[in-house]
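Q: A single structure is presented below for examination.
The values are calculated or read from the model by the stated rules, or taken from the named source; none is laboratory data. The structure presented is a predicted model; accordingly, all values stated were derived computationally and were not measured. FYI the Cβ positions are ideal-geometry reconstructions off the backbone, even for glycines, and counts take in every protein chain you see. We work out accessible area using only protein heavy atoms, side chains counted, and drop any ligands, DNA or RNA first. Shrake-Rupley method; radii C 1.70, N 1.55, O 1.52, S 1.80 Å.
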Amino acid sequence: PPSTSAPSDVLILVPFEADPKKSHNKRPRTPMAPVKPDPDAPPSGGEKKPAAADWSGGAGILPGRETIGPLLLMTTTPAFSIAFWYTVTHLNGHFLEFARLCYEGGLFATFMEIWPSWTDPVAWKLIGYFLGFELFLMKAVPGKDFTATVTPKGNRPVYKANGTACYLITLATLLILAKTGTFRPALVYDKFGEILSSMNVFALLFCLCLLIKGNVAPSTSDSGTNGGWVMDYYWGMELYPRVLGWDVKMFTNCRAGMMFWAVGIICFAHKNMEVHGGELQIGMLVNVALQLVYVTKFFHWEMGYMCSMDIQVDRAGYYLCWGCLVWVPSVYTSHSFYLAEHSPPLSPLVGALIFLGGITSIYINYDADRQRYEFRKAKGECTIWGKKPRRIVAEYSTATGETRKSLLLVDGWWKISRHFHYVPEVMGAVFWSAPALGTAFVCPYFYVMFLAILLTDRAYRDDDRCRKKYGAYWEEYCREVPYKIIPGIV
């Protein structure tokens, strides 16, 4: 599932551009074309050597990444998405009560009884209209071409940068349909169980199609088996699959998962208003407002996300695509889904303080990403916190044997820790979950717990990947910035 924060080297990676006057650069570059040798790359030799070319992945802290772990996740996470929905809508968010039901009635029998229909026509219409509209916008809305960073196999994917426009069009369309009475947004809440059940079916079949495509017709050279059909289905066969011109990961991650995050919480807010006689509860308002700021930041920064670990490292399989099609709608919006019918009274002062804490956290997360972006855009020739930033010029090798350069930022927020931006990201989630005010022990805060684990594991994965990629240069960077996430702790 996605995180809108990139790994430490991605947005600060600054390839030294090839000289356009060189003869081997005269042929126009097409999307996903292999990167040509870099004439500015340093000659071989010297005190430090580029790391090995296979830096496509890294080891995290979570165990069981080979076969058993993926099998366990693929058999439990679809059921968990339904259990979460049922616990909120029928058990007031109390997981202990759900555990009691499973204990008394049997695990399998309980799930058979509570599982909503996956053939509900209304649910499929809602899914079809939403996904079809987003696919249409991806092609119809204009945008500039954006060339992402080089892949381990030497490819550079090209995207249409129209995410912000598509996001605003989607929200405007939803509000117009609601205002004119054409569509009742609270219907998404009422049918959410059937939507999740149907999306589970859709996503599982979608991932199967990706497995077949990766075997038969991969889109780029960044593809191949992971050692068996289980891992191929779970991790995916391709890094950048495209179908009929649509980029699969941009669709699943951004235009399905992240877009529904915004659409879903607005629909849940409408349900909150229906429950409370047309009045939106202060807690629900704070919760939705903070998340909309966060998601708006994501689409403003969408091309940066297309250079993140989700895109550059994780292939298109169950882990990423099912996660964005099912896990994001069910878990990332879970606090809002809970608050729709369980929002406790909240004073304007407490609401304002929660909002202030949340907006500060989101801003710090944004400012950290902004520093990397400006550093990358200016190739290090900029100011951060009033002075020229310190940097490390690192070399690495691609799978084709090319030696290239990157700039590693060692200043601003990035001097505090190598993944300090994860701290405000988690704190933002804490603040927009806070309006639940202890009404349930786990349910409203499950996303915070999940996010903390996800980002900690991601920090270790990224660290291992960068160590493989940059070798001695990364060791030098780690001496300059010794902590991964929280200074003095980890």
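Q: With the cut-off at 30 Å, tell me which of the pairs K377/K468; K249/K405; K179/K249; K213/K377; K144/K179; K249/K469 have Cα atoms farther apart than that.
A: Check vs 30 Å cut-off fails for K179/K249; K213/K377; K144/K179.
Q: Translational diffusion coefficient, Stokes-Einstein: compute it for segment 368-490 using the Kirkwood radius over C-alpha pairs as Rh, at 25 °C and 0.890 mPa s, and state it as an integer in µm² s⁻¹.
A: In µm²/s, the coefficient is 151.
Q: Whose amide H sits under 5 Å from the amide H of M237, counting only residues 5 or more places off or on another chain, with H placed in the peptide plane?
A: A316
Q: Another one. Work out Dmax and Rg for segment 206-303 from the C-alpha atoms and quote the Rg first, both in angstrom.
A: Final numbers for Rg and Dmax: 19.0, 57 Å.
Q: Once you have all Cα-Cα distances for segment 165-232, histogram them in 10 Å bins from zero and send the whole-percent values.
A: 16, 26, 25, 21, 11, 0
Q: Given 10 Å bins starting at zero, what is the percent of C-alpha pairs of segment 231-272 in each, up to the one with the largest pair distance?
A: Percent of Cα pairs in each bin: 25, 35, 24, 14, 1.
Q: Express the C-alpha Rg of segment 233-353 as a ratio against the empirical globular expectation 2.2 N^0.38 Å, rounded to two decimals.
A: 1.25
Q: Run the numbers on segment 140-249 and let me know its relative contact order in percent, using alpha-carbon pairs under 8 Å that are six or more apart.
A: Relative contact order of segment 140-249: 18 percent.
Q: Starting at the first residue of segment 172-182, write each ³J(HN,Hα) from the Karplus equation 6.51 cos²θ - 1.76 cosθ + 1.60 with θ = phi - 60°, in whole Hz, x for Gly and Pro.
A: For segment 172-182, the Karplus-derived couplings read 5, 4, 4, 5, 5, 4, 5, 5, 7, x, 5 Hz, x marking Gly and Pro.
Q: I need the semi-axes of the equivalent ellipsoid of segment 407-475: take the C-alpha gyration tensor, multiply each eigenvalue by 5, square-root it, list largest first in whole angstrom.
A: Rounded to whole Å, the semi-axes are 32, 14, 5.
Q: Counting pairs of Cα atoms in segment 273-327, how many percent are more than 18 Å apart?
A: Cα-Cα pairs of segment 273-327 separated by over 18 Å account for 57 percent.
Q: Work out Dmax and Rg for the chain from the C-alpha atoms and quote the Rg first, both in angstrom.
A: So, for the chain, Rg and Dmax equal 22.9, 75 Å respectively.
Q: For a quick protection proxy, order the peptides 180-186, 320-326, 86-92 by their average other-Cβ count within 10 Å, most packed first.
A: 320-326, 86-92, 180-186
Q: I've got another one for you. Rounded to the nearest percent, how much of the accessible area of segment 319-408 (1.4 Å probe, protein heavy atoms only) is carbon and sulfur?
A: 63
Q: Quick one: net charge around T164, please, counting Lys, Arg +1 and Asp, Glu -1 for every other residue with C-beta under 13 Å from its C-beta.
A: Overall, the nearby charge balance is +3.
Q: Also: Could you estimate the translational diffusion coefficient of segment 99-155 from the Stokes-Einstein equation, with Rh from the Kirkwood formula over C-alpha pairs, at 10 °C and 1.306 mPa s, in whole µm²/s?
A: Estimated diffusion coefficient is 98 µm²/s.
Q: Is it possible to state the helix-based mean residue ellipticity at 222 nm for the chain, with each DSSP H run of 4+ residues giving -39500 (n - 2.57), the sum divided by total residues, to the nearest 500 deg cm²/dmol? What is it?
A: Calculated mean residue ellipticity at 222 nm is -16500 deg cm²/dmol.
Q: Taking amide H positions as placed in the peptide plane 1.01 Å from N, state which residues far from V243 in sequence (5 or more) or on other chains have amide H under 5 Å from it.
A: It is V248, by chain and number.
Q: Given a Förster radius of 56 Å and the C-beta distance between V350 and V216 as r, what FRET efficiency does 1/(1 + (r/R0)^6) yield to the nearest 0.05?
A: It comes out at approximately 0.50.
Q: OK, next. Suppose all protein chains stay in the model; what accessible area per residue would a 1.4 Å probe give for the chain, in Å²?
A: Computed with neighbouring chains in place, this is 41 Å² per residue.
Q: Tell me the label-point distance for the pair L168, F108, using the 7 Å Cα-to-Cβ offset, in nm and rounded to one decimal.
A: Once both label points are built, they end up 5.4 nm from each other.
Q: Out of the total accessible area of segment 172-298 (probe 1.4 Å, heavy atoms of protein only), what percent is carbon and sulfur?
A: 70
Q: Calculate log10 I(q)/I(0) of segment 322-404 for q = 0.11, 0.14, 0.24 Å⁻¹, where I(q) comes from the Debye formula with a single equal point scatterer on each Cα and nothing for solvent.
A: -0.66, -0.84, -1.14
Q: Please compute, for the alpha-carbon atoms of segment 295-362, the extent along each of the three principal axes and give them in descending order in Å.
A: The Cα atoms of segment 295-362 stretch 45, 26, 14 Å along their principal axes.
Q: Please list the equivalent ellipsoid semi-axes of segment 138-289, computed as the square roots of five times the alpha-carbon gyration tensor eigenvalues, in descending order and whole angstrom.
A: Working through the eigenvalues yields semi-axes of 36, 20, 13 Å.
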